[in-house]
Amino acid sequence: MRNVIGILGGMGPEATILMMSRLVAATPASDDSDHIPMLVDNNTQVPSRIAHLIDGTGQDPTPVLVGMAQKLASSGADVLAMPCNTAHSYYPAVAGAVQVPVLNMVELTAQAVARAHPEGPVGILASPAVEITGIFAKAFAALGRDIVYPADRDRVLSAIRAIKAGRIDTALPILEEAADEIATSGAPVAVVGCSEFSIVAPQLTGGPLALIDSLDVLVDACVAYATGSVAASNQGAKLAK
């Protein structure tokens, strides 16, 4: 018997499908019944996190995210996951609105980086919104680590918009340049901290950087929780590696 994973999706829809695909691939299974049941709210109408956090003009998505979480929990989800790093800027409200655990993608990723690369600053390839809200900065500061962002926020944001529009060839050179910049700063590792970037992560070389994809970390946590090999909490998850 598998625990049910509830996914707050639609941010964006392709990244949500990617998470589902990776979750299937990561699950030890020999038959349909071995796989993890998922309840997915692929809500493409969640108000723009970029418009709210970066532009300062958009609608606050908190009420929509809270409503999604409550609907998934009432529908039978045993644990919730948001495959969107930027949406974790609203994590406290979402986690506080339901009785089931909500996996914290950002905190889990910081823990995974610390285990694999215990020294040196950490690069962040993510939406400028996460720099503004400081969610990665807080997670890594709790572990005594400094973080490094690419200098040109607008250029990184343009890569996200290019991927959402299906223009992968436009985004890849921008991300390679950003990775080179982070490596030059002395960081040995970078987080792929945007689920749009997770779509193209297999094509990124990263140069001398080791790359840790936050979506893969979240998938591993979902598998661990759904199969009963580890417990989760609203403060993140104690993922054993």
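Bear in mind these aren't lab numbers, they're just calculated from the coordinates by the rules spelled out. Since the structure is predicted, the reported quantities are computational estimates derived from the model, not experimental observations. Cβ placement follows ideal geometry from the backbone for every residue including glycine, while neighbour counts extend to all protein chains displayed.
Divide by every residue of the chain the summed helix terms, -39500 (n - 2.57) for each DSSP H run of at least 4, and state the resulting mean residue ellipticity at 222 nm, rounded to the nearest 500 deg cm²/dmol. Kindly include the intermediate steps, with their values, before the conclusion.
On the way: 10 runs with 106 residues, N = 241.
Value at 222 nm, helices only, nearest 500: -13000 deg cm²/dmol.
Per the Cauchy relation, a quarter of the hull surface: what is the mean projected area of the convex hull of the alpha carbons in the chain, in nm²? Result: 12.1 nm². Applying the Karplus relation 6.51 cos²θ - 1.76 cosθ + 1.60 with θ = phi - 60° to the range 190-202 yields 3J(HN,Hα) values of 9, 8, 7, x, 9, 5, 5, 5, 4, 4, 9, 3, x Hz, where x marks Gly and Pro.
Please report the relative contact order for the range 106-215, taking Cα pairs under 8 Å with a sequence separation of at least 6, and give it as a percent rounded to a whole number. Don't skip to the end; give the middle numbers.
Details: 176 pairs, mean separation 35.8, N = 110.
Reported relative contact order: 33 percent.
With K and R counted +1 and D and E -1, the other residues having a Cβ less than 13 Å from that of LYS138 yield a net charge of -2. If you model the range 106-215 as an ellipsoid using its alpha carbon gyration tensor, with each semi-axis the square root of five times an eigenvalue, the axes come out at 21, 14, 12 Å, biggest first. Scanning residues 5 or more positions from ILE147 or on other chains, those with amide H under 5 Å from its amide H are VAL122, with H placed 1.01 Å from N in the peptide plane.
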